[in-house]
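Data block below; observations after.
The values are calculated or read from the model by the stated rules, or taken from the named source; none is laboratory data. Bear in mind the structure is a predicted one, so any value in this text is a computation, not a measurement. In this analysis, Cβ positions are derived from the backbone assuming ideal geometry, glycine residues included, and neighbour counts consider all displayed protein chains.
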Amino acid sequence: MLEKPVKKFIGKFYCTLDDKARLTVPSKFRELVPGEEGSKVLVISRGKERCLYLFTPDYFDWIIEQLGLLAPGPQQRNLIRYYSSESENLKVDRVGRVQMPPHYLEALGDSKSLVVVGGLTHMEVWKQEEFEKIMKDADDTYQNGPWQL
């Protein structure tokens, strides 16, 4: 059984896609991706709430293992289909960029202004306007919710 990888992706970075639809992964986050420069890989997947997820390969392997532990049946098969059809490997080039596939950008609303956010165990990529909206909800949950440090 694989141990759940903990990477501590924290922070937010405002980014712009270049003319070739490449996203520069923030250097603070690239340091957490295993491998040598020029040979690093991330796994992109559609996320919830209109964002994209970027996983390290070891974390994606852990997700796959967790899917295998679900009770066999339609829900397990649907989740396996979702992750296998809505995910792909992205090579991180020597200067830290990933080529964003067009269908993932369409899911974000074809914006060039993006925010890459730490999701603790993974990265999230948001259209800037959507991120600002969702952060209002997050702030309200934080300010008014029952959870305390």
| task | Mind listing whichever residues of segment 95-109 are within 17 Å of PHE55 (Cα to Cα) and either in a strand (DSSP E or B) or not aliphatic (A, V, I, L, M) (or both)? | result | GLY96, ARG97, VAL98, GLN99, PRO101, TYR104
| remark: Going through segment 104-149 in order, the residues found to be surrounded by fewer than 16 Cβ atoms within 10 Å (Cβ to Cβ) and of a type in the set (Phe, Trp, Tyr) are TYR142, TRP147
| Does ARG30 satisfy being closer than 23 Å to ALA107 by Cα, out of contact with any Leu (no Cβ under 7 Å at 6 or more places or on another chain) and not β-branched (Val, Ile, Thr)? | no
| message | Consider segment 65-92. How many of its residues are more than 19 Å from GLU124 (Cα to Cα) and either hydroxyl-bearing (Ser, Thr, Tyr) or without any contact (Cβ under 8 Å) to a residue 60 or more places away in the chain (or both)? | response | 16
| task | Would you list the strands (runs of 3 or more DSSP E) that sit entirely within segment 1-94 and hold 2 or more residues that are in contact with a Phe, Trp or Tyr (Cβ under 9 Å, 6 or more places away or on another chain)? | result | 12-16, 41-46, 52-55, 87-91
| said: Being more than 18 Å from THR16 (Cα to Cα), among the basic types (Lys, Arg) and touching a residue at least 24 places away in the same chain (Cβ under 8 Å) is the requirement here; does LYS112 meet it? | reply: no
| note | For segment 35-59, pairs from a residue that is under 17 Å from ARG97 (Cβ atoms) to a residue that is of a type in the set (Ser, Thr, Tyr) and in a loop (DSSP other than H, G, I, E, B), with Cβ under 8 Å and 6 or more apart or across chains, are LEU42/THR56; VAL43/THR56
| said: Of everything in segment 50-64, what is more than 12 Å from the chain's Cα centre (by Cα) and more than 17 Å from LEU120 (Cα to Cα)? Give them in sequence order. | reply: ILE64
| task | Might you let me know whether segment 127-139 holds any residue that is farther than 18 Å from PHE9 by Cβ and small (Gly, Ala, Ser)? | result | no
| message | If I go through segment 1-38 residue by residue, how many of them are exposed (fewer than 11 other Cβ atoms within 10 Å of the Cβ), in contact with a strand residue (DSSP E or B) (Cβ under 9 Å, 6 or more places away or on another chain) and within 21 Å of TRP62 (Cα to Cα)? | response | 2
| said: Which numbered condition in (1) touching a strand residue (DSSP E or B) at 6+ places or on another chain (Cβ under 9 Å); (2) farther than 25 Å from ASP18 by Cα; (3) without any contact (Cβ under 8 Å) to a residue 40 or more places away in the chain is the only one that GLU129 fails? | reply: (2)
| note | Scanning segment 63-103 residue by residue, the ones that are at pLDDT below 95, of a type in the set (Asp, Glu) and surrounded by 14 or more Cβ atoms within 10 Å (Cβ to Cβ) total 1
